[in-house]
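Only one structure is covered here, and it is reproduced in the block below.
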Amino acid sequence: MRLDYRPETLPLLDHYLEQARRATSEKVEALPVVAHMAGAYFGEVIRRRYASWWRMDGEDPTYWQVEFGSVYLAFSPVLFVREALTREPGAEAARDPAEDPLSGDPAALELEDDDREAVAARLAELPPVSEDEYYAPSTRLEVIDIAVDAIRSRRLAAGDETDAVLEPGDYERNGD
């Protein structure tokens with residue numbers, strides 16, 4: 001299969017990262033290279049799936065974000081991948097999708113508070129997943145899909161337009 005930025009290619013990235021996790025634990029200097037490469041690919045899959053753009057603040061791609069145009073949602077793909085590569089195996093037998101990526105860790109989704117509650121409620125309805133699945137980019141894509149759907153549903157229930165029209169300036173942070 002050719003890596004062509006389609007979501008269907010993410011299981012290949014999942015497999016690659018599982019193999020790379022072992023290799024980068026033995027050769028830590030490879031960690032940033034692998035995380036940046038795989039994170040950039042994962043982010044670009046998302047960017048092509050949703051109306052969004054990259055915010056490339058600073059020299060370090062680790063903290064670059066994909067920001068969405070139709071819902072207020074941003075995340076750092078490289079941090080997602082770095083977390084997958086550096087996780088402690090067996091730390092938890094199964095992960096609850098409602099716990100993260102909404103927990104407040106640096107790889108978490110950036111959401112508005114009302115949307116965070118709606119997304120957390122939707123994720124709480126899902127069954128726990130294995131540790132490998134939890135960290136897999138293909139699962140993270142599913143979480144992002146669920147988040148976008150939950151945000152749109154919350155907006156519809158509130159009588160708002162389901163899609164916003166956001167621009168990069170809407171994501172500007174105080175002090176940045």
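The values are calculated or read from the model by the stated rules, or taken from the named source; none is laboratory data. None of the values given here were measured: they were computed from a predicted structure. In this analysis, Cβ positions are derived from the backbone assuming ideal geometry, glycine residues included, and neighbour counts consider all displayed protein chains. The accessibility values were calculated without ligands, DNA or RNA, using every heavy atom of the protein model including side chains. Shrake-Rupley method; radii C 1.70, N 1.55, O 1.52, S 1.80 Å.
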So how many residues does region 19-60 have that are under 17 Å from the mean Cα position of the chain (by Cα), under 23 Å from D132 (Cα atoms) and touching a residue at least 24 places away in the same chain (Cβ under 8 Å)?
12
Need a quick list: helices (runs of 4 or more DSSP H) entirely within region 107-160 having at least 2 residues that are free of Cβ contacts under 8 Å to residues at least 24 places away in the same chain and open to solvent by 30 Å² or more (accessible area, probe 1.4 Å).
113-124, 137-157
